Amino acid sequence: MSEPFRIDAGALRARPKAAGEAELRAADRAGEAQGFLAREPRRGGRRPSPRTGQVHAKVLPHVRDEILEEAARRGVTQGVLIEEAWALYLARQEQERRPGAGGPDRPGS
Amino acid sequence: MPTIVIASPKGGAGKSTAAVVLGTELARAGARVTLMDCDPNGSLTLWAERAAPPGGVTLRSGVSEGEVVRAIRSAEADGAVVVVDLEGVASRLVSRAISQADLVITPMRATTLDATIGVRALQLVAEEEEALGRRIAHAVVFTMTRAIRSKQHQGIERSLREQGVDVIAPGLMERAAYSALFEFGGDLATLPPQGNMEAARDEAARFARAVYDRLVAREAAA
C-alpha cells in the first residue's frame with residue numbers, strides 16, 4: 001500500500017492564462033490547423049418564417065409554383081416576372097399618391 | 001486552482017474513467033474538485049446520478065463550446081481543482097479547453113490505433129503553445145493496461161518517451177473497480193468490493209499523486 005498523501009492547497013495555483021477574444025481565436029485557429037473543428041450545431045440561426053414555415057422563404061409554396069410555371073410558359077426567368085410585378089406595384093403606388101385619386105381598392109372620391 | 005484537461009480525439013480511450021478516478025482521489029487527498037462534463041454522452045453526469053458525488057467534488061454538466069472557457073475560469077476562481085472530461089472527437093471544444101489547461105492528460109490504451117489517434121492531442125497542445133505563447137504541460141497515461149505489459153505496449157511507451165513525451169506512472173489497469181464506478185457512483189473508498197479493491201485504491205492514489213506532483217513541479221519551475 002502506498003503512503004496516503006495530502007494535498008497542499010497552497011502549492012497549487014492556476015497559471016495566468018489569457019482568455020480574451022484574440023486568444024480564443026488563436027486557440028480556434030490552432031485547433032483548426034490540427035483538424036479540431038466546430039462540431040456543435042449553431043444556435044440562434046435564421047428562424048423559419050412564421051408566414052411560410054420556411055427558413056429561406058421568399059413566397060408561399062403555391063405562389064412559387066405559379067411563378068415558376070408562368071415563367072416557363074413565357075420562356076423568361078422568374079426575375080422578369082418579379083420586375084413586371086414591381087413595375088405594377090410602383091404604378092399603383094403612384095396612382096394612390098395622386099391627390100383625389102383612390103387606389104385600386106378605394107374608389108376615388 | 002489549476003485545470004487538468006483530459007483530452008484525446010479517440011473514443012473509448014478511458015477519459016471519463018481517468019477523470020472520475022483523478023477527481024475523486026484528489027478530493028480524498030483534501031482538494032476541492034470541480035468535475036466538468038463537456039462530453040455530450042454525459043458519462044460523468046451518469047456517474048453522478050448513480051450516487052451523490054463524494055465530499056469535495058462538484059459536478060458541472062453539459063458545458064458547451066461557447067461556455068467552456070468561462071466555466072473553467074469561474075471554477076478556478078472558486079478555488080477548485082478543475083478536471084475537464086471531453087468527448088472523444090476532434091472538436092473546437094477540445095482546443096478551447098486546452099487553451100485554459102495547466103496540465104493536459106491524454107489517456108491512451110496501449111494499442112497502435114489509440115497511440116496514432118491520441119498523438120493528435122499532443123500535436124494540438126504543441127500548436128496551441130505556439131499560438132498562445134505559453135507552455136502547456138502535457139502527459140500521457142496508459143489505460144486498461146494488463147499486469148504483463150505486451151510488446152506493443154512496451155514499444156509504444158518507449159517510442160513516446162524517446163520523443164520526450166511525459167508518461168505518467170502508474171497507468172490505470174483494466175479493473176472491475178474502475179468500471180463499477182459508473183455502475184454505483186461515488187469513489188473507490190465507498191464502492192462495494194469489485195475484484196482486487198486494495199490494488200485499485202493503491203493504484204488510483206498513486207496515479208493522483210503523480211498528477212499532483214506534476215502540478216506542483218510545474219508551479220515550482222514557473
- Message: Please count how many residues of region B:1-31 are in a helix (DSSP H, G or I), touching a strand residue (DSSP E or B) at 6+ places or on another chain (Cβ under 7 Å) and not β-branched (Val, Ile, Thr).
- Response: 8
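Specify the residue that is nearest to the other protein chains (Cβ to nearest Cβ); the eligible residues are those in region B:72-87 that are surrounded by 20 or more Cβ atoms within 10 Å (Cβ to Cβ) and of a type outside the set (Val, Ile, Thr). Reasoning before the result, please.
If we filter region B:72-87 for residues that are surrounded by 20 or more Cβ atoms within 10 Å (Cβ to Cβ), which is where we start, we get B:72, B:75-76, B:80-87.
From what's left, of a type outside the set (Val, Ile, Thr): B:75-76, B:80, B:85-87.
On the way: B:Ala75: 10, B:Glu76: 5, B:Ala80: 10, B:Asp85: 16, B:Leu86: 10, B:Glu87: 9 Å.
Once the filter is applied, the top-ranked residue is B:Glu76.
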- Query: Considering region B:168-216 alone, what residues qualify as being more than 17 Å from the chain's Cα centre (by Cα) and of a type in the set (Phe, Trp, Tyr)?
  - Reply: B:Phe184
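Of these, B:Thr58, B:Thr45, B:Thr34, B:Thr106, which one is assigned to a strand (DSSP E or B) and either surrounded by fewer than 16 Cβ atoms within 10 Å (Cβ to Cβ) or free of Cβ contacts under 8 Å to residues at least 40 places away in the same chain (or both)? Steps first, please.
Details: B:Thr45 fails: assigned to a strand (DSSP E or B); B:Thr34 fails: either surrounded by fewer than 16 Cβ atoms within 10 Å (Cβ to Cβ) or free of Cβ contacts under 8 Å to residues at least 40 places away in the same chain (or both); B:Thr106 fails: either surrounded by fewer than 16 Cβ atoms within 10 Å (Cβ to Cβ) or free of Cβ contacts under 8 Å to residues at least 40 places away in the same chain (or both).
Matching residue, one of B:Thr58, B:Thr45, B:Thr34, B:Thr106: B:Thr58.
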- Query: Residues in region B:129-142: is at least one facing another protein chain (nearest Cβ under 10 Å), in contact with a Phe, Trp or Tyr (Cβ under 9 Å, 6 or more places away or on another chain) and either part of a helix (DSSP H, G or I) or of a type in the set (Ser, Thr, Tyr) (or both)?
  - Reply: no
- Query: Do the conditions hold for B:Arg96, that is, is it within 13 Å of chain A (Cβ to nearest Cβ), in contact (Cβ under 8 Å) with a residue 60 or more places away in the chain and of a type in the set (D, E, K, R)?
  - Reply: no
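May I ask you to verify whether B:Ala220 is outside any loop (DSSP other than H, G, I, E, B), more than 16 Å from B:Ser16 (Cα to Cα), modelled with pLDDT under 95 and within 12 Å of chain A (Cβ to nearest Cβ)?
Details: outside any loop (DSSP other than H, G, I, E, B): yes; more than 16 Å from B:Ser16 (Cα to Cα): yes; modelled with pLDDT under 95: yes; within 12 Å of chain A (Cβ to nearest Cβ): yes.
In short, yes.
Mind telling me which of the residues B:Val82, B:Val119 ends up being closer than 19 Å to B:Cys38 by Cα and either at pLDDT below 95 or part of a strand (DSSP E or B) (or both)? Don't jump to the end; show me each part of the working.
Working: B:Val119 fails: closer than 19 Å to B:Cys38 by Cα.
After ruling out the rest, the residue left standing is B:Val82.
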- Just one of the numbered conditions (1) touching a residue at least 40 places away in the same chain (Cβ under 8 Å); (2) within 14 Å of chain A (Cβ to nearest Cβ); (3) under 23 Å from B:Val82 (Cα atoms); (4) surrounded by 15 or more Cβ atoms within 10 Å (Cβ to Cβ) is not true of B:Ala169; which one? (4)
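If I filter region B:64-86 for residues that are closer than 22 Å to B:Gly14 by Cβ, free of Cβ contacts under 8 Å to residues at least 60 places away in the same chain and among the β-branched types (Val, Ile, Thr), do I get at least one hit? If you could, list the steps in order and put the result at the bottom.
Here is the first cut: in region B:64-86, the residues closer than 22 Å to B:Gly14 by Cβ are B:68, B:72, B:81-86.
Narrowing the set further to residues that are free of Cβ contacts under 8 Å to residues at least 60 places away in the same chain leaves B:68.
If we keep only those that are among the β-branched types (Val, Ile, Thr) as well, we get B:68.
Checked against the condition, which is being closer than 22 Å to B:Gly14 by Cβ, free of Cβ contacts under 8 Å to residues at least 60 places away in the same chain and among the β-branched types (Val, Ile, Thr), region B:64-86 yields at least one hit.
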- Of the numbered conditions (1) more than 8 Å from chain A (Cβ to nearest Cβ); (2) under 21 Å from B:Leu44 (Cα atoms), B:Ala147 satisfies every one except a single condition; which is it? (2)
- If B:Glu174 satisfies every condition in (1) in contact with a Phe, Trp or Tyr (Cβ under 7 Å, 6 or more places away or on another chain); (2) in contact (Cβ under 8 Å) with a residue 24 or more places away in the chain but one, which is the exception? (1)
- Message: Regarding region B:2-18, can at least one residue be identified that is of a type outside the set (D, E, K, R), at pLDDT below 95 and surrounded by fewer than 20 Cβ atoms within 10 Å (Cβ to Cβ)?
- Response: yes
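Against the condition in contact with a Gly (Cβ under 8 Å, 6 or more places away or on another chain), modelled with pLDDT under 70 and surrounded by 11 or more Cβ atoms within 10 Å (Cβ to Cβ), how does A:Ala101 come out, does it pass? I'd like the intermediate steps shown before the answer.
Values: in contact with a Gly (Cβ under 8 Å, 6 or more places away or on another chain): yes; modelled with pLDDT under 70: yes; surrounded by 11 or more Cβ atoms within 10 Å (Cβ to Cβ): yes.
Taking the combined requirement at face value, the residue satisfies it.
The values are calculated or read from the model by the stated rules, or taken from the named source; none is laboratory data. Being a predicted model, the structure only gives us computed values, none of them experimental. Positions of Cβ are backbone-derived with ideal geometry, glycine not excepted, and every protein chain shown enters the neighbour counts.
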